[in-house]
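Just so it is clear, none of the values below were taken in a lab; they were calculated from the coordinates. Keep in mind it's a predicted model, so treat the numbers as computed, not measured. Please note: Cβ atoms are built from the backbone with ideal geometry, for glycine as well, and neighbour counts cover all protein chains shown.
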Amino acid sequence: MLNVIFFTFNAFEENTYLITNDKKQCWIVDPGMYDKRESDQIIAYLTDKQLQPQAIINTHAHLDHLFGVQALIDKYNIPFGIHELEISVLQMAAASAAMFGLNFRNPPKPTYFIKEGILPLGDDNLEVFHTPGHSPGSISFYYPKGNWVISGDVLFSGGVGRTDLPGGNFNTLASSIRNKLFTLPGNTKVLSGHGPATLISEEKEHNPFLQ
């Protein structure tokens with residue numbers, strides 16, 4: 001059985017998720033720790049809980065979801081995966097950081113690509129949905145047994161991801177949400193890249209961007 005907890009990091013208030021199993025294996029989703037203090041916080045938690053990091057799996061490659069990747073690679077020597085269509089976004093991360101006056105000169109390189117379908121995590125599986133629109137290779141991670149989906153910056157409580165960034169498109173985003181995420185059971189908890197959790201049923205009924 002997989003469990004999930006989150007931390008909120010950096011100036012963009014990005015949600016970083018830890019997925020763990022009963023064997024204390026751990027997968028980190030979208031590590032957003034910007035500085036050493038934030039990296040020390042998550043490393044201290046992993047150490048205290050005796051968790052064993054297995055890999056980094058990113059929903060997409062915008063800089064606020066990337067800041068902490070290299071620190072975890074350096075500490076645990078674990079692989080880093082994104083969807084192949086996020087390469088162009090990843091390559092723009094340093095320039096994006098410079099626009100915000102942030103220090104992020106050397107974005108990490110992925111060691112493997114995550115495809116739509118089944119992603120094994122130890123003895124369990126996540127279902128991976130390709131949900132473009134916020135970015136070309138945005139993906140969402142669904143765990144039916146736990147009744148949750150990590151949506152990255154695709155779907156928020158009462159909102160949707162920005163589509164004014166390179167590679168973004170609102171019609172594509174809306175289609176991803178309606179044809180992928182909104183097909184999930186209504187009581188599925190949506191764990192977003194920013195802000196509080198919500199439910200599929202709540203967003204289907206009330207999200208003003210999707211009516």
*Rounded to whole Hz, the Karplus (6.51, -1.76, 1.60) HN-Hα couplings of segment 22-37, x for glycine and proline*: 5, 8, 6, 6, 9, 10, 9, 9, 6, x, x, 5, 7, 10, 4, 4
*Relative compactness, segment 1-117, computed as alpha-carbon Rg over 2.2 N^0.38 Å*: 1.01
*Sum up the lysine pairs in the chain that clear both bars: alpha-carbon distance under 15 Å and a spacing of 8 or more or different chains.*
8
*Quick one: what Rg and Dmax do you get for segment 108-167 from the alpha carbons, in Å?*
12.8, 39
*DSSP beta bridge pairing in the chain, given as percent antiparallel to the nearest 5*: 70
*Ratio to report: Rg/Rh of segment 43-105, with Cα atoms as the point set and Rh obtained by the Kirkwood method; give two decimals.*
1.02
*Using the Cα centre as the reference, give the magnitude of the dipole from point charges on the C-beta atoms of the chain (Lys, Arg: +1; Asp, Glu: -1; all else neutral), rounded to the nearest 20 debye.*
200
*In square nanometres and to one decimal, what's the mean projected area of the convex hull around the Cα atoms of segment 3-210?*
10.4
*Express the relative contact order of segment 3-210 as a whole percentage, based on alpha carbon pairs under 8 Å and six or more residues apart in sequence.*
15
